[in-house]
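Take a look at the structure set out below.
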Amino acid sequence: METGVRFAGVNKTHADGTQAIRSLDLVCPAGTITVLVGPSGCGKTTALRMVNRMVDPTSGVVSVDGADVATLEPVALRRRIGYAMQGSGLLPHRTVAQNVATVLRLEGMGRAPARARALELLDVVGLERQLADRYPSQLSGGQQQRVGVARALAPDPNILLMDEPFGAIDPLVRADLQQELLRLQRELTRTILFVTHDISEAFLLGDQVVVLRDGAEIAQQGTPQQILDQPADEFVQRFVAIATAGVSPRTSGR
């Protein structure tokens, strides 16, 4: 069975006539991290949100694990795809455990087994179980982001969407979370589509990096090393030049 995420001839035109995405063709292979990187407003978040039908394309096909998402019921689709965003998006009036268990409870899992699964997921993302009954306001920013990742993992998704999940975190905590994501991926091997504006983060995390221009036009895609060694044109070269010194790009088998 075909797995992963595929965009085939995808276009998106907004009501005001703005063309956010023009003819996007992209495959995000199963079990790998694909990072979309590009300037603000280039269409990378719009593309990501098409995967779980938060945005529908004007034309073209987006498929997950071989199924056209347009044929799938949106709410059911979103419950089977993990989604982590900047600022964590936690519900402030629910405890950590309740936040993590949100989708499980919506799917009909009992309160006790849902809490047990939530506690297991706190272990997975490196949080102490004693935080389970705290509220988001009682956590640090880095802890909130880890809870957001745990919630995204709760339904055991094949696909995980991450929209600048570490963008609002201070640099030291951000570095920890990046390494935590790489550890989780080594252990869980999910199909991850990750959006960032930070080329250094893209090179660190991505098995495949996709550099986008306006309209989600692919300027270049490949491994971090391929893009570093052979930038496709001046646009990519300028983008790569801003990468911070000392970044170790992902390499095959890492």
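Tell me, what is the Rg over Rh of the chain, with Rh the Kirkwood radius over Cα pairs?
0.97
Please compute the length gained on full extension between residue 237 and residue 197, using 0.36 nm multiplied by the number of residues separating them and subtracting their Cα-Cα distance.
Length gained between residue 237 and residue 197: 12.9 nm.
According to the Kirkwood expression over distinct Cα-Cα pairs, how big is the hydrodynamic radius of the range 89-156, in Å?
11.4
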Could you tell me the center-to-center distance, by alpha carbons, between the range 1-33 and the range 48-121 in angstrom? 19
Sequence-distant residues sharing a close amide H with residue 219 (under 5 Å, placed H): 211, 212, 213
What value, in deg cm²/dmol to 500, does the helix sum -39500 (n - 2.57) over DSSP H runs of n ≥ 4 give at 222 nm once divided by the residues of the chain? -10000 deg cm²/dmol
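Here, each number is a calculation from the coordinates, and none is a lab measurement. Because the structure is a prediction, the values reported are computed rather than measured.
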